[in-house]
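Asks: Mind having a look at this structure? Questions to follow.
The values are calculated or read from the model by the stated rules, or taken from the named source; none is laboratory data. All values derive from a computational prediction rather than experimental measurement. Using ideal geometry, Cβ is built from the backbone for each residue, glycine included, and neighbour counts are taken over all protein chains shown. Note: areas computed on protein heavy atoms with side chains; ligands, DNA, RNA excluded. Shrake-Rupley method; radii C 1.70, N 1.55, O 1.52, S 1.80 Å.
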Amino acid sequence: MALGLRQLRYFIAIADAGVLSRAAEALNVAQSALSHHVAALETELGVKLLERRPRGIALTAAGRRLYEHASAVLSALGKAEEDVRTYNEAATGPVCIGLSHTAISIVALDVMKAVRTKSPGVHLTVVEAL
């Protein structure tokens, strides 16, 4: 079994809750399923991730490392989802065009108006050059 996103989410929820029952409630899964999940994860990785204590759980050193990696992975995934969700193909950023003296007098004003209207995210610079 390779690490999956659900496993990482479950592990983060358990670590954040500090108690399996609270994590199970937050995730809307049975506590026994989470306990089984942790046991399978520990077996797969070959390390103990959690210390069971009378009043909850604590991360082992290996558990803290997995928590750091899992947090980074889930954060990157969230950023990727947001980036794709908000992506549009509108041009943005600096654009510089060079036109001859004659071309500037004929088309420059129309080009600047069109860019301002159709691509407000573009910062246009027009340079007169040969």
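Asks: Given the options Val95, Val84, Val111, Val107, name the one that is under 11 Å from the mean Cα position of the chain (by Cα), at pLDDT 85 or above and farther than 22 Å from Tyr10 by Cβ. Talk me through it step by step, then tell me what you get.
Replies: Values: Val95 fails: under 11 Å from the mean Cα position of the chain (by Cα); Val111 fails: under 11 Å from the mean Cα position of the chain (by Cα); Val107 fails: under 11 Å from the mean Cα position of the chain (by Cα).
Being under 11 Å from the mean Cα position of the chain (by Cα), at pLDDT 85 or above and farther than 22 Å from Tyr10 by Cβ holds for just one of Val95, Val84, Val111, Val107, which is Val84.
Asks: For Arg52, which of the numbered conditions (1) farther than 30 Å from Gln7 by Cβ; (2) open to solvent by 90 Å² or more (accessible area, probe 1.4 Å) fails to hold?
Replies: Among (1) farther than 30 Å from Gln7 by Cβ; (2) open to solvent by 90 Å² or more (accessible area, probe 1.4 Å), Arg52 violates only (1).
Asks: Of the conditions (1) touching a helix residue (DSSP H, G or I) at 6+ places or on another chain (Cβ under 6 Å); (2) touching a residue at least 12 places away in the same chain (Cβ under 8 Å), Leu5 clears all except one; give me its number.
Replies: In the conditions (1) touching a helix residue (DSSP H, G or I) at 6+ places or on another chain (Cβ under 6 Å); (2) touching a residue at least 12 places away in the same chain (Cβ under 8 Å), Leu5 misses (1) alone.
Asks: Something else: If only one of Ala90, Ala108, Ala61, Ala70 is open to solvent by 60 Å² or more (accessible area, probe 1.4 Å), small (Gly, Ala, Ser) and in contact (Cβ under 8 Å) with a residue 12 or more places away in the chain, which one is it?
Replies: Within the list Ala90, Ala108, Ala61, Ala70, the selection yields Ala90.
Asks: I'd like to check something: does segment 29-41 contain any residue that is touching a residue at least 24 places away in the same chain (Cβ under 8 Å), under 26 Å from Pro120 (Cβ atoms) and touching a helix residue (DSSP H, G or I) at 6+ places or on another chain (Cβ under 7 Å)?
Replies: Within segment 29-41, not a single residue is touching a residue at least 24 places away in the same chain (Cβ under 8 Å), under 26 Å from Pro120 (Cβ atoms) and touching a helix residue (DSSP H, G or I) at 6+ places or on another chain (Cβ under 7 Å).
Asks: What residue, among those in segment 73-87 that are of a type outside the set (Gly, Ala, Ser) and open to solvent by less than 100 Å² (accessible area, probe 1.4 Å), is nearest to Thr117 (Cα to Cα)?
Replies: Per the criteria, the residue is Thr86.
Asks: I've got another one for you. Considering each residue of segment 19-33, count those that are among the acidic types (Asp, Glu) and open to solvent by less than 50 Å² (accessible area, probe 1.4 Å), and give that number.
Replies: So the answer is 0.
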